[in-house]
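The values are calculated or read from the model by the stated rules, or taken from the named source; none is laboratory data. Keep in mind that this is a model prediction, so the values were computed, not measured. Note that we place each Cβ from the backbone using ideal geometry, even for glycine, and neighbour counts take in every protein chain shown. Areas reflect the complete protein model, heavy atoms only, side chains present, ligands, DNA and RNA absent. Shrake-Rupley method; radii C 1.70, N 1.55, O 1.52, S 1.80 Å.
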Amino acid sequence: MAALFDYSAQLLEGAALTLELAFTSLCFGLLLGLAGAAAKMSALSWLRQSAHLVSNVLRGIPEFLILLICYFGLSNLINTYFAGTLSLSPFAGGVVALALVFGAYASEVFRGAFLAVPKGQLEAARSYGLSRWQIFWCVQLPQAWRICLPSLNNMWQNLLKDTSLVSIVGLEDMLRKANIAAQFTKQPFVFYAAVAVIYLLLLAVSNPAFAYFEKRANRGYASPA
């Protein structure tokens, strides 16, 4: 336990970087999910088919492989065909990979949530003369957000755990810090168990946060019997 105390500052620093990676990927993933849902519900058939194809490909490939493609392949692809000198950092590569995967799953969640909004409310909004943007922002999005929050909670938990994959490409996150400490002290069980506890604590905090968001989103709706 003395060794764990000596490396506690490094583990906390890695935990902060893990949260930064998770929140950044979440923000970009939500935007990609909304864009993907809009494309899947578009009136243009080629756009719908393209969005479904990209979503199915991303959901069918393991997250670890997507990370390797984004980190090692994306920069090489750009440098080869555009004569650039782009070099992705482990953090940027992790954000791109995790956001793409999250967005692929979120696009289906958002699409189902938008389809669940009663069409009568959309027709009533149009009859009041609201623009498409006003209908989306004031009518569709609040109700879709309420519907998809439980699924987004599960996806957030998977995203938080998937951040551990980025340590493979050199990101100094919590798992990599624990790996370095374990190799130096020859006490892998202590440090990996500590990382597991920290992940559990982070998830234990996120559950009440999503419960609060769900409670606020369900204001004005009758609770199920």
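Yes or no: segment 109-120 includes at least one residue that is in contact with an Asp or Glu (Cβ under 8 Å, 6 or more places away or on another chain) and at pLDDT 90 or above.
No, there is no match, as no residue in segment 109-120 is in contact with an Asp or Glu (Cβ under 8 Å, 6 or more places away or on another chain) and at pLDDT 90 or above.
Only one residue in 26, 65 is closer than 20 Å to residue 159 by Cβ, among the hydrophobic types (A, V, I, L, M, F, W, C), out of contact with any Leu (no Cβ under 8 Å at 6 or more places or on another chain) and modelled with pLDDT of 90 or more, so which one is that?
Going through 26, 65 in turn, the sole match is 65.
Go through (1) in contact with a Lys or Arg (Cβ under 7 Å, 6 or more places away or on another chain); (2) within 24 Å of residue 194 (Cβ to Cβ) for residue 37 and report which single condition fails.
With (1) in contact with a Lys or Arg (Cβ under 7 Å, 6 or more places away or on another chain); (2) within 24 Å of residue 194 (Cβ to Cβ) applied to residue 37, the lone miss is (2).
Taking the conditions exactly as written (closer than 28 Å to residue 52 by Cβ and surrounded by 13 or more Cβ atoms within 10 Å (Cβ to Cβ)), does residue 173 satisfy them or not?
Here the answer is no, as residue 173 does not meet what is asked.
Conditions tested, residue by residue: (1) open to solvent by less than 50 Å² (accessible area, probe 1.4 Å); (2) in a helix (DSSP H, G or I); (3) of a type in the set (S, T, N, Q).
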site: 103; (1), (2), (3): yes, yes, no
site: 124; (1), (2), (3): yes, yes, no
site: 145; (1), (2), (3): no, yes, no
site: 164; (1), (2), (3): yes, yes, yes
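Being of a type in the set (A, V, I, L, M, F, W, C), within 30 Å of residue 203 (Cα to Cα) and part of a loop (DSSP other than H, G, I, E, B), is that true of even one residue in segment 84-91?
Yes, some residue in segment 84-91 is of a type in the set (A, V, I, L, M, F, W, C), within 30 Å of residue 203 (Cα to Cα) and part of a loop (DSSP other than H, G, I, E, B).
Scanning for something open to solvent by 40 Å² or more (accessible area, probe 1.4 Å), within 22 Å of residue 95 (Cα to Cα) and modelled with pLDDT of 90 or more, does segment 182-195 turn up at least one residue?
no
Within segment 6-31, work out how many residues are open to solvent by 20 Å² or more (accessible area, probe 1.4 Å) and closer than 18 Å to residue 173 by Cα.
So the count comes out to 14.
Which pairs turn up if I take residues in segment 172-194 that are in a loop (DSSP other than H, G, I, E, B) and look for partners that are of a type in the set (S, T, N, Q) with beta carbon separation below 9 Å, at least 6 apart in sequence or on another chain?
172/10; 173/18; 173/163; 173/164; 173/167
Yes or no, residue by residue, for (1) under 29 Å from residue 19 (Cα atoms); (2) aromatic (Phe, Trp, Tyr); (3) touching a residue at least 12 places away in the same chain (Cβ under 8 Å); (4) surrounded by 14 or more Cβ atoms within 10 Å (Cβ to Cβ):
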site	(1), (2), (3), (4)
33	yes, no, yes, yes
38	yes, no, no, yes
46	no, yes, no, no
54	yes, no, yes, yes
59	yes, no, yes, no
66	yes, no, yes, yes
94	yes, no, yes, yes
98	yes, no, yes, yes
111	yes, no, yes, yes
